[in-house]
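Novice: What follows is a single structure, and I will ask about it in a moment.
Bear in mind that the values in this text are calculations on the coordinates, not laboratory data. The structure displayed is predicted, hence computed values, not measured ones. As a convention, Cβ positions derive from the backbone with ideal geometry for all residues, glycine included, and neighbour counts pool all protein chains shown.
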Amino acid sequence: MYKSGFIAIIGRPNAGKSTLLNALLQEKVAITSPKPQTTRDNVMGVLTMRDAQLIFTDTPGIHKPHHQLGKHLNRSAYTAMDEADLNYVIIDVTKPFGRGDEFLLSRLQGSEVPTFLIVNKIDQLSREKLIHELSEWQTRFPFSEIIPISALKKDNLEQLLQVTLSYLKEGTQYFPESMVTDHNEAFQIGEIIREKVLYKTEEEIPHSVAVVLEAMESNESHIDIRALIIVERQSQKGILIGKQGAMIRSIRLAAQKELKQKLGKRVELELYVRVEKNWRNRSNKLMQLGYGDDE
Ligand SMILES: Nc1nc2c(ncn2[C@@H]2O[C@H](COP(=O)(O)OP(=O)(O)OP(=O)(O)O)[C@@H](O)[C@H]2O)c(=O)[nH]1
Ligand SMILES: [Mg+2]
């Protein structure tokens, strides 16, 4: 019997959702970083097996929004959740249970699809503490399954897949075997550049940055890419460029290196920085950047 199903990966920011998606697919389709709210779009990842197809959707972390952008992020996660056959709620087990978790659980009340609790980052915890956390979580919500993993160390993922398969129903292969994600190359290139900004900058800058791919030209041996980095304030532009351009240069080199590996060609990357005041609260800007909503 061929099985298939849609699985939404949801949780609070920084829980390890995108790391889990990449680990399950054994391919990087979503960027990850230590900064919360790294993911801004739902990213689909298709895992095609001999007799099953699992279609995962990585989603932005659910949080209390302070901007239009934040509201859009939450809505993206809820949409994936509402369309799924199975939900993975992923938590960072090293963080104490709090109001954000309570809110997420309340949003799950009444859901008619099975919900797994994926207890992540177990590589950071002693066995005793883990056992304690697992028993606490058991009392908080009637999860269909509770599965401890380390997405980073790829620990217990086989078990997660086996249990997931046992919940999937008979279904067709929705996507061709060659399809791993729903986003095109341009999106992935912009995301890789944004990821380097997230790693190299601090405080409010990671949240204030958007990347737009302006031009891309390629031939057999190499590819020229021009991208614009948008920030919200002049002071952020200064930080991003750095002393004598040191910061932007280091972002460019890191992105170039990864892009070369990914695209298998020499990459010449040009980066510009522009200030767009308060873009995270301007719906026309959000639309332009692909963070708009239909409503
Ligand atoms: N130690 C440890 N770190 C992990 C594990 N999984 C993820 N991380 C780290 O946690 C941080 C956040 O990971 P992401 O995958 O970007 O988290 P996310 O849930 O997608 O975050 P948002 O997109 O912001 O909602 C990164 O620094 C990861 O390397 C794990 O199993 N163990
Ligand atoms: Mg993410």
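Novice: Please report the antiparallel percentage of the DSSP beta bridges confined to segment 3-170, to the nearest 5.
Specialist: In segment 3-170, approximately 30 percent of DSSP beta bridges are antiparallel ones.
Novice: Hey, another quick one. Positive end of the dipole of segment 185-288, charges at C-beta (+1 Lys, Arg; -1 Asp, Glu), about the Cα centre: which of Ile248, Gln234, Thr201 has its Cα farthest in that direction?
Specialist: Positive-end residue among those listed: Gln234.
Novice: Structure shown: which of Lys121/Lys265; Lys243/Lys265; Lys153/Lys196; Lys129/Lys196 lie over 32 Å apart, alpha-carbon to alpha-carbon?
Specialist: Lys121/Lys265; Lys129/Lys196
Novice: Same structure, new question: Tell me the label-point distance for the pair Glu204, Asp182, using the 7 Å Cα-to-Cβ offset, in nm and rounded to one decimal.
Specialist: Reported label-point gap for Glu204 and Asp182 is 3.3 nm.
Novice: Could I ask something else about it? Could you name the aspartates and glutamates whose alpha carbon sits less than 12 Å from that of Lys17, not counting residues in the same chain fewer than 8 places away?
Specialist: By straight Cα distance, Lys17 reaches Asp58, Asp92.
Novice: Could I ask something else about it? When a/c is below 1.5 the answer is rounded, else prolate if a/b is larger than b/c, else oblate, so apply that to segment 210-254 with a ≥ b ≥ c taken from the square roots of the Cα gyration tensor eigenvalues.
Specialist: It is oblate, given that a/c is not under 1.5 and a/b is not larger than b/c.
Novice: Which whole-Hz ³J(HN,Hα) couplings does segment 246-261 yield from phi under the Karplus relation 6.51 cos²θ - 1.76 cosθ + 1.60, θ = phi - 60°, glycine and proline marked x?
Specialist: The phi angles translate into 5, 5, 5, 5, 5, 5, 4, 5, 5, 5, 4, 4, 5, 5, 4, 5 Hz.
Novice: For segment 3-170, what number results from the quotient of the Cα radius of gyration and 2.2 N^0.38 Å?
Specialist: That works out to 0.96 for segment 3-170.
Novice: On C-alpha positions alone, give me the angle between the axis of helix 157-167 and the longest principal axis of the chain, in degrees, nearest 10.
Specialist: 60
Novice: How big is the Rg/Rh ratio for segment 185-288, C-alpha atoms only, Rh by Kirkwood, two decimals?
Specialist: 0.97
Novice: Beyond 30 Å, what percent of the Cα pairs of the chain remain?
Specialist: Roughly 35 percent, rounded to a whole number.
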